[in-house]
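Reading through the structure tokens given below for one structure.
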Amino acid sequence: MNDCALISRRRWLCAAAALSATSLGGCGNRSSTSSDRVLRVFNWSDYIHEDVIPEFEQRRQCSVVYDNYSSDAELETRLATGGGGYDVVFPSDRAMAALLAKDLLSPIDMARLANFRHLDAKFLSPPFDRGNHYSVPYFWGTVAVGLRTDKVTDTVHSFEPLFDPRYRGRITMLDDLENAVAAVLLHLGLPLNSVEPGDLAQAQRLLLAQKALLQAYTSDAYKERLYAGDAWVSLGWSGDLLQAARLEPRVPLRVVVPKTGTMIWLDSMAIPRRAPNVELAHAFIDYLLEPPVALRNATAVQYATPNVAAQSLLPAAQREDESVYPPAATLDRCAWLENRGTDIEKIEAIWRQVRA
Ligand code: N2P
């Protein structure tokens, strides 16, 4: 199986769902009902190696329902409305704060995660979940700019081509209010977490002006568009852009992590408050932490792994790739999107105008 193999945006249900209760040994005990053998996972699109779920099903003799989303908002709405009955989800740092505030997550039992020890201490006990009571790091990355270098021939260091009228109709932006506003603030030379009215007014003006240049706001279709040559410049998640760039070396696609600084983020594994299958959820999280499994995922998705054991097994080319693991000088200029409390309403108001 090819290392770049990914489970993409599709609902995925293994044929193993048909397994009879009597034939099972790995998921629960003899008196368990068939629902004990189903794990429901809600993950970002293109965020797992395609062999990983079938292997887990095989190993645990269970079936996995695998659904995808492409924004924090989608995950938050689904969990808040009780939809999906999910057992494992993958919130970003921002979504973790929101889900915890609404009491939508279940505590994680560390005693069931033998592989937690493989995680790099620098990603543990994050501000949104001191002590990792509710979250286990999965991948981290940046927000970057993808370019068709056959169309954009200038040297690009930062976000500038996203606002260049020469690329009218060929630009895509993440459909993500906080990242879109933050990228615009950075382009204006302002702090990316600013909530100053004057800064936000400038950001809004530029976003509205930029709208006339855009082909689309999309958080999951930009890599196909870049790959096909329909889009020439995209604001995207670093790994997804790299997946497109690595798919076919003859397609002239480059990923620029702005040297001037950009947004950095961390996605975690978590268990929703109403998860029907907490036992299997823990087993799945622990499985994803196994170094060979984390390695396969890291190789496929092209994001940075917080799993040190897996990282040390990566091919040197990926381990040393500065688009995946930016150098300290760039990281020093990057920042997390902060929890802006009720000030987030100011960003939401801008976004409503821009997306109207
Ligand atoms: C995976 C995108 C995850 C990055 N395709 C956003 N947290």
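The values are calculated or read from the model by the stated rules, or taken from the named source; none is laboratory data. Computed from a predicted model, the values in this text were never measured in an experiment. So basically every Cβ, Gly included, is an ideal-geometry build from the backbone, and we count neighbours across all protein chains shown. When the accessible area is computed, the model is the full protein with side chains, heavy atoms only, and any ligands, DNA or RNA have been set aside. Shrake-Rupley method; radii C 1.70, N 1.55, O 1.52, S 1.80 Å.
Would you work out the relative contact order for the stretch 91-156, in percent, from Cα pairs under 8 angstrom that are 6 or more residues apart? Write down the numbers at each step before the final one.
Details: 28 pairs, mean separation 20.6, N = 66.
About 31 percent, as a whole number.
Let me have the relative contact order for the chain, percent, based on Cα pairs under 8 Å that are six or more residues apart.
25 percent
As a test of the definition: which semi-axes, in Å, follow for the chain when you take the square root of five times each eigenvalue of its alpha carbon gyration tensor? Largest first, please.
On the way: eigenvalues 245, 102, 71 Å².
Ellipsoid half-lengths, sorted descending, are 35, 23, 19 Å.
For K211, list the lysines whose Cα falls under 28 Å from its own Cα; do not include residues on the same chain fewer than 8 positions away.
By straight Cα distance, K211 reaches K151, K223, K259, K346.
May I ask you to compute the full-extension gain from A216 to M110, defined as 0.36 nm times their residue separation minus their alpha-carbon distance, rounded to one decimal in nm? Write down the numbers at each step before the final one.
Details: separation 106, 0.36 × 106 = 38.16 nm, distance 4.21 nm.
Net length gain for the segment: 33.9 nm.
Where in the stretch 163-206 does the label zone of A356 land, with the point 7 angstrom along Cα→C-beta and an amide N cut-off under 14 Å?
The answer is 204-205, whose backbone nitrogens lie closer than 14 Å to the label point.
Using only alpha carbon pairs under 8 Å that are at least six residues apart, calculate the relative contact order of the stretch 237-341 and give it in whole percent.
40 percent
Going by Cα centres, the stretch 283-344 and the stretch 104-128 are how many Å apart?
What the calculation gives is 15 Å, centre to centre.
With axes computed from alpha carbons, what is the tilt in degrees of helix 177-187 against the longest principal axis of the chain, rounded to the nearest 10 within 0 to 90?
Approximately 40 degrees, to the nearest ten.
Show me 59-69, 264-274, 187-197 ranked by packing, highest mean number of other Cβ atoms within 10 Å first.
So the peptides 59-69, 264-274, 187-197, ranked by packing, come out 264-274, 59-69, 187-197.
In nm, to one decimal, how far is the modelled label at D120 from the one at E320, with both set 7 Å along Cα→Cβ?
Reported label-point gap for D120 and E320 is 1.7 nm.
Using only Cα atoms, tell me the angle between helix 238-247 and the longest principal axis of the chain; keep it within 0 to 90° and round to the nearest 10.
90 degrees
Considering the options L174, A95, G146, tell which one lies farthest towards the positive end of the dipole of the stretch 86-182, charges being +1 on Lys and Arg and -1 on Asp and Glu at the Cβ, about the Cα centre.
Going by the charge dipole, the pick is G146.
Ignoring ligands, DNA and RNA, please state the percent of accessible area on the chain from carbon and sulfur, probe 1.4 Å.
Carbon plus sulfur share of accessible area: 52 percent.
Quick one: accessible area per residue over the chain, 1.4 Å probe, rounded to a whole number of Å²? Don't jump to the answer; show the numbers that get you there.
Values: 14710 Å² over 356 residues.
Per residue, the chain has an accessible area of 41 Å².
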